[in-house]
Amino acid sequence: MKELYISNVCAWAPGLYDDVENWKAWKEGKMEISAIKESPKLEYTDPLFRRRLSQITKMTVHVIHTLLEKTGADNNSTGTGISKETKINFISLRGEIEREFTINKSLIEDGTILPAGFSLSVFNTPVASATLAFGLKGGYTVIFPSKGNFDSALKNAVAPVLAGTEKQIILVYADEFVPDYYGDKRPEQNIPFAFAAIVSTEPLSNNTSNNNSAEAPACDSSRVLSLDSIYISPVDFLKLIL
């Protein structure tokens, strides 16, 4: 089987934020992600754009922004091959789950749905918002795994690289905090976080100027992505690749 590589990992979560030392401590079991509804500020975007965005969308926009900044995607000067034409494959186990609740509640109680609210509740909202914010033109695929099977979603996401139709893709995962009103339907691992990384056919080094910055947690170098392994959860996978 062809070897795949994963590199330039960028992650964000409440309580850990962008601090590389926090993420190292989390990987070692010394810190935890805060199970709260907190989001990155997105100060580099227009206030009108970010005003109504949910936690999952803000986290997705932020990790993609960090990856683009880290790899110099605007001028493709770092040798990573990543540009605004690179395709994005986005995975989420729950999507815009808080907005979905609001939409369903409105439909049941009022018999109507406001178009603006509906447009922000669809599954592709997080990654679509990032493409709009940064003028990305490569297109994206969104993957919702059946029964929360992250392993199958991951293998689906990297299939274009494995098949040779793409030399590299941007892999993105995000899930937000599930509110209390979901009751016993809330997942056992109710952890809000997002990450973005490059999956490629060749090893890539993190040879950017801010590689050691606390604002861009990442691997020191490319890791081999073994598809023979079974990746049970996004948490386990992120700990493996950080």
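Evaluating residue 83 against the criteria (1) within 23 Å of residue 165 (Cβ to Cβ); (2) in contact (Cβ under 8 Å) with a residue 60 or more places away in the chain leaves one unmet condition, (2). Consider residue 113 carefully, then state whether it is in a loop (DSSP other than H, G, I, E, B) and either open to solvent by 30 Å² or more (accessible area, probe 1.4 Å) or in contact with an Asp or Glu (Cβ under 8 Å, 6 or more places away or on another chain) (or both). For residue 113, the condition - in a loop (DSSP other than H, G, I, E, B) and either open to solvent by 30 Å² or more (accessible area, probe 1.4 Å) or in contact with an Asp or Glu (Cβ under 8 Å, 6 or more places away or on another chain) (or both) - is met.
Take residue 15 and decide whether it is farther than 16 Å from residue 195 by Cβ, open to solvent by less than 90 Å² (accessible area, probe 1.4 Å) and small (Gly, Ala, Ser). No, not satisfied.
Quick grid of which residues meet (1) open to solvent by 10 Å² or more (accessible area, probe 1.4 Å); (2) under 29 Å from residue 224 (Cβ atoms); (3) in contact (Cβ under 8 Å) with a residue 24 or more places away in the chain; (4) in a helix (DSSP H, G or I):
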{"position": "154", "(1), (2), (3), (4)": "no, yes, yes, yes"}
{"position": "159", "(1), (2), (3), (4)": "yes, yes, no, yes"}
{"position": "165", "(1), (2), (3), (4)": "yes, yes, no, no"}
{"position": "172", "(1), (2), (3), (4)": "no, yes, yes, no"}
{"position": "177", "(1), (2), (3), (4)": "yes, no, yes, no"}
{"position": "187", "(1), (2), (3), (4)": "yes, no, yes, no"}
{"position": "191", "(1), (2), (3), (4)": "yes, yes, yes, no"}
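Quick check: anything in region 70-89 open to solvent by less than 10 Å² (accessible area, probe 1.4 Å) and in a helix (DSSP H, G or I)? Taking every residue of region 70-89 in turn, at least one turns out to be open to solvent by less than 10 Å² (accessible area, probe 1.4 Å) and in a helix (DSSP H, G or I). Among the residues of region 27-41, those identified as touching a residue at least 24 places away in the same chain (Cβ under 8 Å) and among the hydrophobic types (A, V, I, L, M, F, W, C) are 33, 35, 36. Against the test of being at pLDDT 85 or above and open to solvent by 40 Å² or more (accessible area, probe 1.4 Å), the options 123, 134, 150, 118 yield a single qualifying residue, 123.
Taking the criterion of being in a helix (DSSP H, G or I), open to solvent by 60 Å² or more (accessible area, probe 1.4 Å), out of contact with any Leu (no Cβ under 9 Å at 6 or more places or on another chain) and more than 25 Å from residue 102 (Cα to Cα), the residues of region 21-69 that qualify are 21, 69. Taking each residue of region 225-242 that is without any contact (Cβ under 8 Å) to a residue 24 or more places away in the chain and looking for partners that are open to solvent by 10 Å² or more (accessible area, probe 1.4 Å) and among the basic types (Lys, Arg) with beta-carbon atoms closer than 8 Å, six or more apart or interchain, yields 240/223. Here residue 128 clears all of (1) out of contact with any helix residue (DSSP H, G or I) (no Cβ under 6 Å at 6 or more places or on another chain); (2) under 21 Å from residue 238 (Cβ atoms); (3) at pLDDT 95 or above; (4) crowded, with 18+ Cβ neighbours inside 10 Å except the condition numbered (2). Please tell me if residue 103 is outside any loop (DSSP other than H, G, I, E, B), open to solvent by less than 60 Å² (accessible area, probe 1.4 Å) and touching a strand residue (DSSP E or B) at 6+ places or on another chain (Cβ under 9 Å). No, not satisfied. Taking the criterion of being more than 20 Å from residue 178 (Cβ to Cβ) and of a type in the set (A, V, I, L, M), the residues of region 80-126 that qualify are 82, 88, 113, 114, 116.
Among the residues of region 9-22, those identified as closer than 15 Å to residue 67 by Cβ, modelled with pLDDT of 95 or more and not aliphatic (A, V, I, L, M) are 10, 12.
The values are calculated or read from the model by the stated rules, or taken from the named source; none is laboratory data. These figures come from a predicted structure and were not determined experimentally. No Cβ is skipped: glycine too gets one built from the backbone with ideal geometry, and neighbour counts run over all protein chains shown. For the accessible areas, the whole protein counts, side chains as well, though only heavy atoms, and no ligand, DNA or RNA atoms are used. Shrake-Rupley method; radii C 1.70, N 1.55, O 1.52, S 1.80 Å.
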